[in-house]
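The values are calculated or read from the model by the stated rules, or taken from the named source; none is laboratory data. None of the values given here were measured: they were computed from a predicted structure. Here the Cβ positions follow ideal geometry from the backbone for every residue, glycine too, while neighbour counts run over all protein chains shown.
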Ligand code: CA
Ligand code: CA
C-alpha cells in the first residue's frame, strides 16, 4: 500500500531544489541545472514569444522551443502543464481536479489536459497537479498555492484554443507585470466557480509581438467573473454570458471587441446583458453585466453605461469596440464627468426612441425622457470620484432654458436636484422651479 506522505514529498523536493538553485554560490552550476531542466515544447512552427532551441523532437522531428530559456520555472511545482510559465493554464487544471487524488487509479487514468500551444488533449499526472504534500485529495489549498503564484510578473500565455474552467474554485488573477501573449483564436470559457480579475495589468490583452489580440470571454452555467475594484482596464475579444451567469464590473471599465459589420447585433447583445445586470436599477442581476459597486445604496446615482465606437461619442474608442463603464448616471460620453457635453447628447434625443446609453438613455427603457434628464441633472457638475466641477454659467442657463421649454421640471424630484443645484449655485434653475411650483 502506498503511503501518501512518503510518495508525495515531491513538492517539498521541488521547492528545495528551486530555492537552492536560486541561492547557491555555485551560480554557473545552478544556471546549467535550471537550463537543462527547463520545459521543452515542440511544434511545426516556433510560436511568437518562444525561444527556438535549434533542436528537433527525436520522435516527431518537430522543432523544439521553450518559454523558459533560463529555467526560472524548471523546478516550479506550479507549472502544472509544464510549459515553462505559471499562469491561468495551470490554475485551471488544479481547479478542474478538485476532489480527485493520484491515489485513485480510475481518476489518475482519466486525468487529461490540453497540450500547450496546440490544445491537443493529452494525459496528465495528478501528482503534478497536486500542490500540497501529504493530503488526501486535490482541493482549495492547492488552488491557493497556484493563485499565489499568479501574483508574479512572469510571462503568461493564452494559446489559440478554448481554455475552459470547469472546477468549482476561485481563480484569483492579480498579476503586476510581465508579458501577456495572446495567440490568435484564444478564448476563455468560465463554466463553474469564480474568476477574480485584479492586479495592475490587463490579463486579456496581448503585448509585444501579439499586440492587438484579445482573449474572447464566455461565462456560463452559473459561473462568475468579477473585476476587483480599481483593476486595470481590460479589453476582451468578444463576450458571451448565459442566463445564469454574471460579469461583475464593480467600478471598472471594459472594452469588448466585435466583428466589424455586426454593430447592431453587438450593441443589442451588450445592452441585453446590461438590462439583465441592472435588474431594475439594483445592479445585482444575473444573465449579464452587473456591478456590486453600483449595487451599494450609497452609489444609487451610479450605473454601468456603454458606448459603441461607431457612434463617435467616446474619444479614442474605435469602430468595432464597445466600452462598458461604471460611471455616474448622465455621463453619456463616459468621460467620468456629467456636464454640458452629456446634456447636449441628451437634448438632441429627447422624446426619441433610442437604443443606447451614449444617446442619453440612462435607465435602459429605450427612450430618452424626463427620467433620463432627471438622472443627468442629479449628477450635473460631478466627477465619477464624487468631486464637483464648476460648470460654465452659460451651460447651466442652456439646461435651464431647455428644461423650461420642454416642461421637464415636474420630473425633477425633491430633494436631489435642489441639493445639486444649490451646490452649483445655479440660481436660474432654482428660480424656474419655484416659479412652476
Ligand atoms: Ca504552465
Ligand atoms: Ca460626460
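Data for the structure
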quantity: Residue count for the stretch 344-361, restricted to those that are surrounded by fewer than 24 Cβ atoms within 10 Å (Cβ to Cβ) and either near ligand 2 (Cβ under 9 Å from one of its atoms) or under 20 Å from residue 248 (Cβ atoms) (or both); calculated: 1
quantity: Verdict on residue 379 being in contact with a helix residue (DSSP H, G or I) (Cβ under 7 Å, 6 or more places away or on another chain), closer than 20 Å to residue 396 by Cβ, within 16 Å of ligand 2 (Cβ to nearest atom) and in contact (Cβ under 8 Å) with a residue 12 or more places away in the chain; calculated: no
quantity: Residues within the stretch 284-319 that are at positive phi and more than 18 Å from the chain's Cα centre (by Cα), tallied; calculated: 2
quantity: Yes/no for residue 21 being in contact with a helix residue (DSSP H, G or I) (Cβ under 7 Å, 6 or more places away or on another chain) and part of a helix (DSSP H, G or I); calculated: yes
quantity: Qualifying residue in the stretch 367-379 (condition: modelled with pLDDT of 95 or more and within 24 Å of the chain's Cα centre (by Cα)); calculated: no
quantity: First in the stretch 398-409 and within 15 Å of residue 344 (Cα to Cα), second anywhere and in a loop (DSSP other than H, G, I, E, B), Cβ under 6 Å, 6 or more apart; calculated: none
quantity: Residues being surrounded by fewer than 20 Cβ atoms within 10 Å (Cβ to Cβ) and under 27 Å from residue 201 (Cα atoms) - total across the stretch 251-268; calculated: 2
